[in-house]
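Note sheet for the following structure.
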């Protein structure tokens, strides 16, 4: 029986870990419903080519509420929440409706209130600082993907 030194396997192990991390990271990328391709959308949770075509053909979406209205006749709340973990329309922190804020996966009434309480936001750092009082840095970074100041 021939033994392989661990050192000789190290590059293979590192490459395997990098590849698996890259795959996991690409699965968690939040895409904008106004710019994602039909193929990208079709590969998302609970979507197919037909529904992806409907999303693309009804662009642009000014709010996530518009996209939600379109999809809510075909997808239930749990399916929409799973989809919105991958596909979203960024909300403007300074003028988003509460109903739009509540469509961010994991955001409830209490957090929506915190988003609203600190308006107007002058920059994204203010959002990080204020929301960071309530959640950890990783959650602030996740929430930041859903918002804009445009």
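We did not get these values from a lab; they are worked out from the coordinates using the rules stated. Keep in mind it's a predicted model, so treat the numbers as computed, not measured. Cβ placement follows ideal geometry from the backbone for every residue including glycine, while neighbour counts extend to all protein chains displayed.
In a fully extended conformation the segment linking residue 31 and residue 110 would gain 25.9 nm over its present Cα-Cα distance, using 0.36 nm per residue. Going by neighbour counts of Cβ atoms within 10 Å, the residues 72, 122 line up, fewest first, as 122, 72. Shape call for region 90-150 from the C-alpha gyration tensor, a ≥ b ≥ c root eigenvalues: rounded (a/c under 1.5), prolate (a/b greater than b/c) or oblate? Note, shape of region 90-150 comes out rounded. Distance between the pseudo-spin-label points of residue 62 and residue 133 (7 Å out from Cα toward the beta carbon): 3.2 nm. Panel values: region 30-150, Kirkwood radius from alpha carbon pairs, Stokes-Einstein at 25 °C and 0.890 mPa s, translational diffusion coefficient 166 µm²/s.
For a test of the definition: using alpha carbon positions, the gyration tensor, and the 1.5 limit on a/c, classify region 31-89 as rounded, prolate or oblate. Note, shape of region 31-89 comes out rounded.
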